[in-house]
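Okay, structure first, notes after.
The values are calculated or read from the model by the stated rules, or taken from the named source; none is laboratory data. The structure presented is a predicted model; accordingly, all values stated were derived computationally and were not measured. No Cβ is skipped: glycine too gets one built from the backbone with ideal geometry, and neighbour counts run over all protein chains shown. The accessibility values were calculated without ligands, DNA or RNA, using every heavy atom of the protein model including side chains. Shrake-Rupley method; radii C 1.70, N 1.55, O 1.52, S 1.80 Å.
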Amino acid sequence: MDITYSHLIDGELVAGRRHFEVVNPATGAPFARCPDATREDLDRAMAAAARAFATEWSRDEGLRRRTLVHMSEALAAKADEIGRLVCLEQGKPLAAAVGEVKGAAQILRVYADEAIPRDLLREDAKARVTLVRKPLGVVAAITPWNYPVATLVMKLGPALLTGNTVVAKPSPFTPLSSLALGAALRSAIPAGVVNVLGGSDEVGAWMTAHPTVRKISFTGSVPTGKKIMRAAADDLKRVTLELGGNDPAIVLPDVDPAQVAPRLFWGAFTNSGQVCVAIKRLYVHEDVFRPVLSALTELARQVKVGDGLQPDTQLGPINNRPQFARVQELVEDARRAGGTVEVGGAALGSPGYFYPPTIVTGVGEGVRLVDEEQFGTALPVIPYRDLDDAFAQANRTHYGLGGSVWTGDLARGEELAQRLECGTAWVNQHLNLGAKIPFGGVKWSGIGRENGKWGIEEFCELQVVNAARG
Ligand code: NAD
């Protein structure tokens, strides 16, 4: 409890004037104190970001590319230390936590070399018309608790490459790794270009209403995304919203159950199900329903749930007490609705927020576990007979982040995948993302895209430069 972290404001580590405790979900006990930004801290960070934007930073592409390389190196050098913090505050296994930080360092390196698009629209005797991309200004980056470092870096990379400056605020459940990232990158970044504030939800709300902010890049839940869009409206701030999902996976009768089951299992339960694009509803053709179900329940029985610091842990705890309560509530609701808990279904008696992988059958549309985003270790498995009906059920939702089709016929799978109403439609896999592959949702799952050239465009304004000739 004696570990105290600082904000990063204008290149300085700034001690908090007030604090809140950060809990290790594996023990349920607080282990560190996070500074809780005041309005004054926020104003200072915004002013620093605005000042930094007005420097050569927004005009000197070479400086920015060099900075991204230095940031990548600085982050990679601290991967073990920051990864350990991710494990302590988020709960995931240590190897996965360190892997998240190493992956984040690679993402920064990728952006150092990404092109900023520039189009020659017309060139003739009369005019030369060029379309250029200009940075927007100060970006508010607001992130959730499931992949605290990865989600932040997915914003920092394109925002900085294109010449913006950033004020970032991580989730109050997992703030320390972002603050440690700020401290680690401090010497690699010109003062004020990146500012990181610890803070509650309220600080996020202040940020989205702050007059300095020109762009809000948000990853989090649908209800918060809607609030942010409302807050942005008055000032016409640009928004990118990466929101929740309730991804369906549809398994056709021509699969080999033993082969697909492990991929389905990890598609649903990676990071203890706390992945925006995890499989959250599994529709299995009745011909293979029993073998797929029994292979999944067997995997659920075998998997090692525990403290992420233990080397043999495969699944850590649920990240926080409200989410832990929510997962239990959804399973109890499914039971009341007549569902059968095939495996799991009760919290482990330890002090942390441990809930083992839980598979529920006998539920369908109208039951909360199917209709809502569970974001945890509980999966409904639903048999179907008619494929059209399975797609209709899969698409009958406000969500539209990811989805997948599982079949022995790849070409047919690619066709069928396009019937899913979502931003990413996988075939025979789920969760596979890439720094150069656009990622985002349709319907309530979001607005805009992250990653690759599409993500870069989200941090730019288009400007036409139209020069007369002759
Ligand atoms: P959340 O919406 O509760 O919080 C996310 C962030 O928003 C936190 O930093 C929080 O402090 C801040 N915040 C809360 N209220 C705010 C307000 N009124 N104004 C501004 N900021 C505010 O989400 P969470 O519970 O931390 O994360 C889980 C959700 O995130 C799930 O729905 C998950 O699917 C989603 N998610 C989406 C993606 C994606 O890329 N689409 C990735 C990861 C997680």
- [ ] Using only alpha carbon pairs under 8 Å that are at least six residues apart, calculate the relative contact order of segment 229-344 and give it in whole percent.
- [x] 23 percent
TODO: With a/c under 1.5 counting as rounded, go ahead and sort segment 1-87 into rounded, prolate or oblate using the C-alpha gyration tensor (a ≥ b ≥ c being the square roots of the eigenvalues; past the cut-off, prolate if a/b is larger than b/c, else oblate).
DONE: oblate
TODO: Using a 1.4 angstrom probe on heavy atoms only, work out the carbon and sulfur share of the accessible area of segment 1-95 in %.
DONE: 51 percent
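Given the Cα-Cα distance of Glu415 and Thr38 and 0.36 nm per residue of separation, how much length would full extension add, in nm?
That works out to 130.5 nm of additional length.
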Open item on the list: Students often forget the sequence filter, so: which lysines lie under 23 Å Cα-Cα from Lys169 once same-chain residues fewer than 8 apart are removed?
Closed with: Lys78, Lys92, Lys102, Lys155, Lys215, Lys226, Lys227, Lys237
Task: the chain: angle of helix 39-53 to the longest principal axis, Cα-based, in degrees nearest 10 - done: 60 degrees
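Between beta-carbons, use under 12 Å as the cut-off and find the net charge around Asn271, counting Lys and Arg +1, Asp and Glu -1. All intermediate terms of the calculation are to be shown ahead of the outcome.
On the way: positive: Lys92; negative: Glu100.
Local net charge: 0.
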Task: Backbone HN-Hα couplings from phi across segment 194-205 [Karplus 6.51/-1.76/1.60, Hz, Gly and Pro as x] - done: 10, 10, 10, 10, x, x, 7, 4, 4, 5, x, 5
- [ ] Give, rounded to the nearest 20 debye, the magnitude of the charge dipole that segment 1-70 has about its Cα centre when Lys and Arg contribute +1 at Cβ and Asp and Glu contribute -1 at Cβ.
- [x] 160 debye
Task: Nearest 10 degrees, 0 to 90: helix 222-233 Cα axis against the chain principal axis - done: 20 degrees
Open item on the list: Explain nothing, just the number: relative contact order of segment 1-148, from Cα pairs under 8 Å at least 6 residues apart, as a whole percent.
Closed with: 18 percent
- [ ] Could you quote the convex hull projected area for the chain, Cα atoms only and averaged over all directions, in nm²?
- [x] 23.5 nm²
Task: Angle in degrees between helix 321-336 and the longest Cα principal axis of the chain, rounded to the nearest 10 - done: 30 degrees
Open item on the list: Quick check for you: with a 1.4 Å probe and neighbouring chains kept, what is the accessible area per residue of segment 276-419, in Å²?
Closed with: 40 Å²
Open item on the list: Give me the percent of accessible area attributable to carbon and sulfur for segment 240-330, probe 1.4 angstrom.
Closed with: 51 percent
Task: Relative contact order, percent, segment 370-424 [alpha-carbon distance under 8 Å, six or more residues apart] - done: 34 percent
Open item on the list: Tell me whether segment 352-470 comes out rounded, prolate or oblate; compute the Cα gyration tensor, take square roots of the eigenvalues as a ≥ b ≥ c, and use a/c under 1.5 as the rounded threshold.
Closed with: prolate
- [ ] Whole Å is fine, so just give me how far the alpha carbon centre of segment 247-296 lies from that of segment 350-416.
- [x] 8 Å
Open item on the list: How large is the accessible surface of Arg469 in square angstrom, using a 1.4 angstrom probe and rounding to the nearest 10?
Closed with: 100 Å²
- [ ] Please report, as a whole percent, how much of the solvent-accessible surface of segment 99-153 comes from carbon and sulfur atoms (probe radius 1.4 Å).
- [x] 51 percent
Open item on the list: Taking the Cα centre as origin and putting +1 on Lys and Arg beta-carbons and -1 on Asp and Glu beta-carbons, what dipole magnitude results for the chain, to the nearest 20 debye?
Closed with: 1280 debye
Task: Table column - 3J(HN,Hα) (Hz), segment 8-20, Karplus curve with 6.51, -1.76, 1.60, x for Gly and Pro - done: 10, 10, 6, x, 10, 7, 10, 5, x, 8, 9, 9, 10
TODO: Largest first and to the nearest Å, give the Cα extent of segment 136-250 along each principal axis.
DONE: 46, 34, 26
TODO: In debye, nearest 20, what is the charge dipole magnitude of segment 356-402 about its Cα centre with +1 on Lys and Arg Cβ and -1 on Asp and Glu Cβ, if you could check?
DONE: 120 debye
- [ ] Please calculate how many Å² of accessible area segment 85-208 carries per residue, with a 1.4 Å probe and no DNA, RNA or ligand atoms counted.
- [x] 28 Å²
- [ ] Counting only DSSP beta bridges with both residues in the chain, tell me the antiparallel percent, nearest 5.
- [x] 45 percent
